[in-house]
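What follows is a single structure, written as structure tokens, with notes after it.
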């Protein structure tokens, strides 16, 4: 019988689950389908209600994972097949090519400098973040190596100039590229770590239990919702988070997409899209505190910025949350109980005029702002359906993973030996994720419920 | 020069990342001339597998007993090189890391000569410290397998069950005669769309703990005294309860003391009018068979009047200046409203609320309540409902902000959703465990985000409502998580700490007790002869005590005063007036420095940075020494508030820097030349800007 466990997803829940189990003495395979561990928390600027810098507290844990003798990190790796036996799971995984020799790459960045193609970064596309086709997921990435966008490898970006060598051969036909600038740059550095002909690798592992920590996603607003996708200066709260992050594309300058101007008046719409056909049907717990945080940090950057929060019900139900809300108000944030109606853009200034009903007075009001932030909420990860099928466990009616007996056996699924934690269970904040990670690690190392 | 010290210096090119800016051969040649240096090597990629094995060969061949590696950053690569020197047979504490990529080549790309000079300085500082390095070792403290769980509510029972399941012993201390805690007063609990009778849950859990061979339960029990630390607690119980007279030997402790309702005295006639009750009292009424009339009507016990109108007011005595949201009141009020409706559908129930905190699937309960006919009225934050007694009946006057008008609702029973506080025993227990708690008696966890069930001191965990009000489900999760946290050392049989710890030389100690008071981890204790001693396994090595000790008798392994002083002197050996001496904490400030490097932010090359684990390690005397040696300026950089890897180190540093400025002024130095910044690990721009500003203001450009 195998004594090791597998954790699917290496965000803050997966990382904490792994550290607990590994410290306990259990061998852990920490699997993530993205190129780096870190998850959603690595994208955040600050964490409420203390305004701790997110990466400052997560990166040390990421390095600890990287150096832990009991943890094997498998990034860019997907679970393909899981076969349950009496006391273990036989798991087939595919490690997708990063087109990089991870042993040799030192994250020096020469290849990225050489790469001629910059595309919008998925982390912060709308607010102008760019990355090259060969790139580091983010500066503190673990493993700290570059990764080649597979789109490049297959020549799909040729129109944008991925291939600049004048080569007539289709990249996807060619096994070894003599002209790719990244390969050359790397060779010039003496590393030769770029491996354009690297293929996916199959892995077979046997583990006694599995923890699903596959995370959660921020909802993208429907096209046109409050002007999102129509007016440039309407962004989501996650995009705003990247905007105010000193490690983000604007180095923490809160500037707006239309003209790169420092913003002086910003409004937040809470519960954006909530209850609409393609909106989030439930309260996501975190958005009220996220908005409070974002206004406080905005004021820290520049106290003269005017901030307004249009909200419905205020959720300040966790430890220290109320004080945090009070702090936002003390800093001059205006909270308005409101029902939003519509948003117009001034074609000259690109400012936005918001029409809303003030719930307390019943009056229809107007307000002109320079940037509108939509708090859209958290939705099930798009991985959930596939993972549920592979693991042969169920999802609930909202699309999160379902527990078999939530009252007496929390975090356990109908498959004995498969446990849940973090965003896989529903909308959740970091502290709750860490609690669940601790609980799931206990269950996984003991294989509770068997 | 000490003859027996043989330092090996390994300078990395990092391809062209370092060598493209810094003249590495020059640095190598310079290093060869430094005292005690026996061997210098240039490596194209020092972290590559072949370079690492070459390094091991060189260490053996040249009998090196200290190693300086000049390359990228210790934050990512120190563990790798530590492992490597260890494999070469050298104690890993004999390695010193010099950062010439993030601190030099990446940030001074346009000034290759000055960059090379800076790299030489940094290597010289590294060698100066390396010569003084001493062997260190990881420290182990044995931990056995007895866990004390304080509190026998659902969190405590869940924790005990999970501890016991591993074959460890769990002892539950319950101050009441019965296990179950606050759930004993509750009708039902729900999670998502599931609901269960609280009594059934309590019974199931109590059966499990009572029949578990590894669980001992002491009811009516209270703690008299707790002495010791992880692996070595002696817990004495008060004589009037269950449990043995002699002290218990305990390895780890889980605090699960729960919470209680704050009686809303003075609100809406509560306390004098029997028709005004709290949610928990309503739950008790709902559990009480005497509250049902034979006809099925709901009534107060011993009353013949049926209850027809119930008004629930939420956020009573909470969400105000004193305290925040009660965390659980909204779902509880909805659940109880629905219970009343289920009991007798013609009971009219109104919930008066400010905001409805119903998250995720709790909305289904809200929908069900609305469907069952529960009426919801939202009142303004600053205009609470008013209650009067009109000819023997309570009348509630409330302003409905959604409809914009006032309503008067009659009420036979007024239910107040009130706030909670920690258990009465919290004050006593926090003293016994030397931990802290809020004004409302909730224990303070180690870290709001990443240490939610830990206390700062190892070996004690926290779970359930003792931390903050929470629902049944979250209490269970925390109970299991707390069990995991204390089980790790019990499973391993020890806790291990890095060898960077405090060491007290008692020669000059005058037992002032400052170190004992200042230590954030309770790692210093005053032993019987009143002399302080460091419990090394608990010490995290922040160095706060060492910097504060008035007699300078505390040293930190790997960051001793002598070693730091050697670095200061080496940094300012030449052209001190052109140099900024910097102390940066390993966790965030150095992270910011590295981030500036990775982002290739260019700044003037005056800084000579010395790494400390925490900004609290930097003593005033070291800052003064920098000015004595003629430094143009001194920078102390720590984590951005409120983040600190050592809880409050940056706060300690902040106060100390203020004192340092006063002292500098007295001694005739310009206090404005001492800079202090708080920098997050993401804030490369802040560090780079500071460097630019300092260079300008100190007239270095």
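When you look at the Cβ of every residue in B:673-686, what mean number of other chain Cβ atoms sits within 10 Å? Present the calculation step by step, with values, prior to reporting the outcome.
Values: counts 0, 0, 0, 0, 0, 0, 3, 13, 12, 17, 9, 5, 5, 3.
Averaged over the peptide's residues, the number is 5.
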field: Tilt relative to chain B, helix B:112-132 - C-alpha long axis, 0 to 90 degrees, to 10
entry: 80 degrees
- request: Give me the Debye-computed log₁₀ of I(q)/I(0) at q = 0.09, 0.11 Å⁻¹ for chain B, equal point scatterers on Cα only, no solvent, two decimals.
  value: -0.90, -1.09
statement: Helix B:49-61 sits off the longest principal axis of the Cα atoms of chain B, rounded to the nearest 10 on a 0 to 90 degree scale, by 60 degrees
task: Please work out, to two decimal places, the log10 of the ratio I(q)/I(0) at q = 0.04, 0.05 Å⁻¹ from a Debye calculation in which every Cα of the protein assembly as shown carries one identical scatterer.
output: -0.23, -0.36
Alpha-carbon centroid distance for the pair segment A:5-26 / segment B:615-651, whole angstrom: 35 Å
- prompt: What is the distance in Å between the Cα centres of segment A:258-332 and segment A:112-149?
  reply: 29 Å
task: Per DSSP H run of n ≥ 4, the term is -39500 (n - 2.57); total these for the protein assembly as shown, divide by its residue number, and report the mean residue ellipticity at 222 nm rounded to 500 deg cm²/dmol.
output: -8500 deg cm²/dmol
field: Protection proxy ranking, peptides B:481-489, B:83-91, B:399-407, A:229-237, average beta carbon neighbours within 10 Å, highest first
entry: B:481-489, A:229-237, B:83-91, B:399-407
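Quantify how strongly other chains surround peptide B:351-357 by giving the mean number of their Cβ atoms within 10 Å of each of its Cβ atoms.
4
When DSSP beta bridges are limited to those with both residues in the protein assembly as shown, what percentage is antiparallel, rounded to the nearest 5? Could the numbers behind the result be given before it?
Working: 83 of 180 bridges.
In the protein assembly as shown, DSSP labels about 45 percent of beta bridges as antiparallel.
Taking each residue of A:329-337 in turn, how many C-beta atoms of other protein chains fall within 10 Å of its C-beta, and what is the average?
Working: counts 0, 0, 0, 0, 0, 0, 1, 0, 6.
Taking all residues of A:329-337 together, the mean is 1.
Compare the peptides B:5-18, B:304-317 by average per-residue count of other Cβ atoms within 10 angstrom and give them in order, highest first.
Working: B:5-18: 23.6, B:304-317: 20.9.
Descending packing order for the listed peptides: B:5-18, B:304-317.
Give the peptides A:426-432, B:693-699, B:287-293 in descending order of average Cβ contacts within 10 Å, highest first.
Working: A:426-432: 23.6, B:693-699: 15.9, B:287-293: 13.1.
Sorting A:426-432, B:693-699, B:287-293 by mean packing, highest first, produces A:426-432, B:693-699, B:287-293.
Just to be sure I understand: of the beta bridges DSSP finds with both ends in chain B, what percent are antiparallel, rounded to 5? Please report the intermediate quantities before stating the final value.
On the way: 41 of 106 bridges.
Here the antiparallel bridges make up roughly 40 percent for chain B.
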statement: Note to self: C-alpha centroids of segment B:274-343 and segment B:573-600 sit apart, in Å, by 61 Å
- request: Return one number: the angle in degrees, 0 to 90 and rounded to the nearest 10, between the long axis of the Cα atoms of helix B:198-211 and the longest principal axis of the Cα atoms of chain B.
  value: 60 degrees
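Every number in this text was worked out from the coordinates using simple rules, so none of it is lab data. The model shown is predicted, which means the values in this text are computed figures rather than measured ones. Every residue, glycine as well, gets a Cβ built from its backbone with ideal geometry; the counts of neighbours run over all protein chains shown.
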